[in-house]
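Student: Mind looking over this structure? Questions follow.
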Amino acid sequence: MAYTTTIKSVCTRCRYSLLAEINKAKGYMNDEMAFGNKIERINFGNKCAKMLNCYKDEVEVQMEKLTDAIAENDPSLVVNMVDQDYELLQQAENSLIDLEQF
């Protein structure tokens, strides 16, 4: 049980981190952030894309671990969590595509 609780905590932290990066990317593309110059802006966009990839990968790993840990005990919860994570990962992919095209 402690193992499952730990995985849930890590998974939740990864989801929140990914969502924060998605919001940063949206703010960046909507000119809600002040930048001193063009290079600063480009560097921020590149960093944001790298962080999105990092957190996206981590959410996928943690989702798999959590699914394995609770699949037998609560299959309906697993389906719900996978749906939520898939939606979040899709938002991250869309943000990455938008950043590339920006």
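Student: Quick one: in the range 41-95, which of the residues that are surrounded by 16 or more Cβ atoms within 10 Å (Cβ to Cβ) and among the small types (Gly, Ala, Ser) is nearest to Ser17 (Cα to Cα)?
Tutor: Only one residue tops the list, namely Ala92.
Student: Only one residue in Asp98, Asp57 is under 28 Å from Tyr3 (Cα atoms) and either part of a helix (DSSP H, G or I) or of a type in the set (A, V, I, L, M) (or both). Which one?
Tutor: Asp57
One line per residue, one yes/no per condition, for (1) within 16 Å of Val10 (Cα to Cα); (2) within 20 Å of the chain's Cα centre (by Cα); (3) modelled with pLDDT of 85 or more:
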position	(1), (2), (3)
Gln62	yes, yes, yes
Leu66	yes, yes, no
Val79	no, yes, no
Asp85	yes, yes, yes
Phe102	no, yes, no
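Student: What tally of residues in the range 1-40 results from selecting those that are outside any helix (DSSP H, G or I) and surrounded by 14 or more Cβ atoms within 10 Å (Cβ to Cβ)?
Tutor: Going through the range 1-40 one residue at a time, the tally reaches 1.
Student: Now for a different question. List the pairs whose first member sits in the range 6-18 and is among the polar types (S, T, N, Q), whose second member is at pLDDT 85 or above and surrounded by 16 or more Cβ atoms within 10 Å (Cβ to Cβ), and whose Cβ atoms are under 6 Å apart, counting only residues at least 6 apart or on separate chains?
Tutor: Qualifying pairs under 6 Å: Ser17/Tyr55.
Student: A further question follows. If a residue has to be under 11 Å from the mean Cα position of the chain (by Cα) and among the aromatic types (Phe, Trp, Tyr) to count, how many in the range 10-47 make the cut?
Tutor: Start the filter on the range 10-47 by keeping residues that are under 11 Å from the mean Cα position of the chain (by Cα), which leaves 11-23.
Remaining after also requiring among the aromatic types (Phe, Trp, Tyr): 16.
So the answer is 1.
The values are calculated or read from the model by the stated rules, or taken from the named source; none is laboratory data. This is a predicted model, so every value here is computed, not measured. Here Cβ is always computed from backbone atoms with ideal geometry, including for glycine, and neighbour counts include all displayed protein chains.
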